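The structure appears below as structure tokens.
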Amino acid sequence: MEQAIEAVKNMVVQQAKHFLTEAGEFYPFGAVQKADGTLVPVAAGAAEDMLESQPLVELLELGIRQQLKTGVSTIGAIGVDVRLRFSADTPATDALQIRLLTAEGYSVDYFMTYRLAEDRLICDPLFEEAGTFTLD
């Protein structure tokens, strides 16, 4: 299971880096590992252009949660562009948040702070915290 989690996490990291390099930002997106082991990117959209990220996160959570509960997928993850503040004395910084969830209910959030400098993407190592994406 650990290798599968790493594969899904790495897929989200690589896709986020691509979006950041190409556009400097990204809307929430996801990835799942299907029951047969294949990795598949996941996107959410609406009939109208949706400029707010939270509705997209909710759509992604709903779809991935359904896949995990029905056995279509074994692991799902959502990549979200967030701002982190480590203390009141420091400015907020851009970060990729990966909300990962397995069909067994294991949940973890990974964070990767980043900055764009002169058309170059600089990423810090990932760190993790308690998960916020649940099966309920």
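The values are calculated or read from the model by the stated rules, or taken from the named source; none is laboratory data. Everything quoted here is computed from the prediction, not taken from an experiment. Cβ: placed from backbone, ideal geometry, glycine included. Neighbour counts: every protein chain shown.
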Exercise. Can you give me the number of residues within region 82-136 that are part of a strand (DSSP E or B) and acidic (Asp, Glu)?
Key: 4
Exercise. Quick one: count up the residues across region 1-15 that are acidic (Asp, Glu) and farther than 16 Å from Ala103 by Cβ.
Key: 1
Self-check item: region 111-133, subset free of Cβ contacts under 8 Å to residues at least 60 places away in the same chain and hydroxyl-bearing (Ser, Thr, Tyr), residue surrounded by the fewest Cβ atoms within 10 Å (Cβ to Cβ)
Solution: Thr132
Quiz item: Identify, please: which residue in region 89-107 is among the aliphatic types (A, V, I, L, M) and free of Cβ contacts under 8 Å to residues at least 60 places away in the same chain and is, among those, farthest from Glu22 (Cα to Cα)?
Solution: Ala103
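Residue-wise test of (1) surrounded by fewer than 16 Cβ atoms within 10 Å (Cβ to Cβ); (2) free of Cβ contacts under 8 Å to residues at least 60 places away in the same chain; (3) in contact with a helix residue (DSSP H, G or I) (Cβ under 7 Å, 6 or more places away or on another chain); (4) on the phi > 0 side of the Ramachandran plot.
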{"position": "Ala4", "(1), (2), (3), (4)": "yes, no, no, no"}
{"position": "Lys17", "(1), (2), (3), (4)": "no, no, no, no"}
{"position": "Ala23", "(1), (2), (3), (4)": "yes, yes, no, no"}
{"position": "Lys34", "(1), (2), (3), (4)": "yes, yes, no, no"}
{"position": "Val42", "(1), (2), (3), (4)": "no, yes, yes, no"}
{"position": "Ser53", "(1), (2), (3), (4)": "yes, yes, no, no"}
{"position": "Leu68", "(1), (2), (3), (4)": "no, no, no, no"}
Practice problem: Please enumerate the residues belonging to region 19-51 that are assigned to a loop (DSSP other than H, G, I, E, B) and at pLDDT 85 or above. | Solution: Gly24, Glu25, Phe26, Tyr27, Pro28, Ala35, Asp36, Gly37, Thr38, Ala43
